[in-house]
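Taking it in order: structure first as structure tokens, then the write-up.
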Amino acid sequence: MMSSDSSVKPKPSVDVKDFLSAVASKRQPSPTRTLIPLMKIPGMLSLGTGVPNPACFPFTAMSFTLTSGETVALTPEELSESLQYSATPGVPALLEQLRELQLRDHTPGYDASELSISVSTGSQDALAKAFGMLINPGDTVLVENPTYSGALAILRPLGANLVGVDVDSEGLVPSSLAAALAKLPTSGAQKPRVLYTIVTGQNPAGVSTTAARKAEVYALAQQHNLCILEDDPYWNLAFGRDKAPPAGQEASYAPPVSTSYLSLDTDGRVLRFDSFSKVLSSGMRLGFVTGPKPWVEQLNLSTQALSIHPSGVPQVLAARLLKTWGAAGWAKHVRATKLFYHRRRDVLLEIMERHFAGLNVSYDTPDAGMFVWIKVRGLGSDAKTLIEDKAVKEKVLLLPGEAFLVDPAAQAAAKPDELYVRACFSIATDEEMDEAIRRFAGLLRKETEAKNAAK
């Protein structure tokens with residue numbers, strides 16, 4: 001982690017205007033949104049905003065109880081703020097907490113006073129707005145292959161030309177990125193301007209990009225003037241490849257901590273996307289994007305136009321929780337969450353090793369997140385039929401690799417005898433994981449025997 005001292009750090013030099021899509025370049029600040037901060041000026045009398053009267057709200061108190069048994073009640077001021085329209089970037093109390101959190105973990109390489117944060121309705125919301133802000137139809141976008149299916153769901157309708165970059169056990173492969181860039185135009189509309197990457201516990205591959213590789217990738221981004229969209233919802237689920245400590249030895253638990261693209265960023269070319277979904281609650285729908293002020297302010301214009309601002313209630317709840325915990329309490333919760341998923345990972349790997357014995361199956365050990373990316377050879381490339389038809393009949397739910405591949409047809413042509421499956425270890429019990437993998441392994445054996453018999 002870097003020092004938060006910004007006295008000797010440069011100002012961001014990359015101009016967001018050079019990256020904006022045609023739609024984003026036309027966005028203007030909302031005239032009503034600009035009034036919201038002015039309403040808080042002492043003595044200000046407002047007849048200008050369409051803010052509902054809180055006297056009509058049927059809520060008088062709100063509290064929540066933590067797993068520790070502690071009950072936290074919102075103050076009248078917090079309750080009022082949670083129920084009313086608020087500023088587009090987020091509730092000030094939460095933004096303050098998030099800034100402290102980001103400067104602890106991801107202090108940028110530029111003047112920290114130029115750093116800005118905006119809360120979103122989950123990180124998916126921020127990703128969608130960022131893609132729309134940066135991409136025109138036909139634009140070339142660099143993405144990992146495989147990559148998050150939710151990102152593909154946004155990018156394909158935008159008409160983006162997706163170029164895949166390889167991923168291995170150490171994350172994004174810099175040489176693959178360099179090779180892709182060497183084949184692409186260096187000017188004009190087809191010149192790539194955006195790299196989308198999932199850096200920790202990559203979904204679906206389960207691997208994290210090493211610090212050394214991040215430095216290589218950032219250097220390539222500088223050389224080719226790329227914007228890096230750093231999607232990192234599993235940052236707080238990084239546990240490494242070693243086995244978790246057994247029960248009773250939790251005090252020795254010291255999961256690794258890596259660096260981020262944001263902390264490497266000296267130019268102002270990184271937008272970082274975080275989420276509370278994996279560590280607080282997925283239903284709260286709280287994410288946040290961090291980056292240089294001009295970039296985040298431009299994204300806020302999209303929020304003003306599309307959703308006005310994220311929900312106030314979960315923002316205030318999260319702000320109060322982080323304040324109640326403090327930095328030490330947050331770190332304790334994150335550590336416990338990492339250990340939980342670390343142990344779930346270990347259980348699934350042991351089960352897979354046992355049931356997959358003798359099968360032509362391989363996988364990397366996940367070092368973060370909640371997924372294992374399974375490669376099956378010898379059964380063709382059609383994972384969709386295998387998983388959505390045959391495995392479902394065996395009452396096993398998995399996800400076929402096609403959902404995460406940049407170009408499934410090209411992948412099948414290049415590797416006609418290899419298919420991919422994503423397994424998740426987050427919620428199933430030990431017994432359920434064991435039975436699910438037993439059934440899936442049995443299906444693979446049956447399919448292998450049928451194929452061998454047909455030769």
| request: Using only Cα atoms, locate the centre of region 215-253 and the centre of region 420-450, then give the distance between them in Å, rounded to an integer. | output: 27
| field | Whole-percent pair-distance distribution, where bins are 10 Å wide, for the alpha carbons of the chain | value | 4, 19, 28, 25, 16, 6, 1, 0, 0
| How high is the FRET efficiency from SER252 to THR186, r the C-beta distance, R0 51 Å, rounded to 0.05? | 0.50
| said: Show log10 I(q)/I(0) for region 61-213 at q = 0.19, 0.21 Å⁻¹, two decimals, from a solvent-free Debye sum over equal Cα scatterers. | reply: -1.27, -1.36
| remark: Given unit charges at Cβ for Lys, Arg (+) and Asp, Glu (-), the dipole magnitude of region 328-435 about its Cα centre in debye, nearest 20, is 400
| Taking region 215-286 and dividing mean pair separation by its residue count, relative contact order in percent (alpha carbons under 8 Å, at least six apart) | 42
| How big is region 364-420 by Rg and Dmax over its Cα atoms, in Å? | 11.8, 31
| remark: For the chain, the dipole about the Cα centre with charges only on Cβ (Lys and Arg +1, Asp and Glu -1), to the nearest 20 debye, works out at 480
| request: Rank THR303, TYR363, VAL376 by how far each Cα sits towards the positive end of the charge dipole of region 292-404 (+1 on Lys, Arg Cβ; -1 on Asp, Glu Cβ) and give me just the farthest. | output: THR303
| message | At a 10 Å Cβ-Cβ cut-off, how would you order LYS278, LYS455, LYS393, fewest neighbours first? | response | LYS455, LYS393, LYS278
| remark: For region 337-454 (alpha-carbon point model, no solvent) the Debye-based log₁₀ I(q)/I(0) at q = 0.16, 0.23 Å⁻¹ works out to -0.75, -1.43
| query | Please state the relative contact order of region 337-454 as a whole percent: Cα pairs under 8 Å, 6+ residues apart? | reply | 33
| query | Mind ordering 311-324, 366-379 by average Cβ neighbours within 10 Å, highest first? | reply | 366-379, 311-324
| Taking Cα atoms, how many degrees apart are the long axis of helix 211-224 and the longest axis of the chain, rounded to 10 and kept between 0 and 90? | 70
| message | Per 0.36 nm of contour for each residue apart, how much would the distance between GLU431 and LYS323 grow if the chain were fully extended, relative to their Cα-Cα spacing? | response | 35.1 nm
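Readers should treat all values here as calculations from the given coordinates under stated rules, not as data from a laboratory. Here the structure is a predicted model, which means the values were calculated and not measured. Quick reminder, even Gly has a Cβ in these numbers, built from the backbone with ideal geometry, and neighbours come from all protein chains shown.
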